[in-house]
Amino acid sequence: MLFRSGGIVDFLASLPEEERFILSMHYLKGMTEIEIAKTLGVPERAVISVITTGKARLLSALNEGKEKP
């Protein structure tokens with residue numbers, strides 16, 4: 001299950017480095033998409049895409065955990 005045995009930590013560790021870094025900047029540091037894009041020198045839409053994909057992966061992992069006993 002995602003919440004047991006460091007599940008969320010394991011989930012984040014399983015992500016590609018760039019994705020993990022952007023998600024950490026957004027959710028842990030509270031940075032906006034624009035702030036992240038400026039910091040990294042990438043287009044804002046690229047940051048939005050990474051955040052959207054990361055949220056979808058996390059939700060999928062959470063839903064899988066609910067189905068397992």
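The values are calculated or read from the model by the stated rules, or taken from the named source; none is laboratory data. Predicted, not measured: the structure shown is a model, and the values here were computed from it. Cβ atoms come from the backbone with ideal geometry, glycine included; neighbour counts cover every protein chain shown.
When the residues of the stretch 12-41 are narrowed to those that are over 9 Å from the mean Cα position of the chain (by Cα), assigned to a helix (DSSP H, G or I) and not aliphatic (A, V, I, L, M), which ends up surrounded by the fewest Cβ atoms within 10 Å (Cβ to Cβ)? Please lay out each step first, then the result.
Here is the first cut: in the stretch 12-41, the ones over 9 Å from the mean Cα position of the chain (by Cα) are 13-14, 16-18, 25, 28-41.
In the following step, the residues that additionally are assigned to a helix (DSSP H, G or I) were identified as 13-14, 17-18, 25, 28, 33-40.
From the residues that got through so far, the ones that are not aliphatic (A, V, I, L, M) too are 14, 17-18, 33, 35, 38-39.
On the way: Ser14: 11, Glu17: 7, Glu18: 12, Glu33: 18, Glu35: 15, Lys38: 13, Thr39: 13.
It comes out as Glu17.
So Lys66 clears everything in (1) over 17 Å from Leu15 (Cβ atoms); (2) modelled with pLDDT of 90 or more except one condition, right? Which one?
Looking at each condition in turn, Lys66 falls short on (2).
Which count do you get for residues in the stretch 1-50 that are closer than 19 Å to Asn63 by Cβ and modelled with pLDDT of 95 or more?
Here the count works out to 0.
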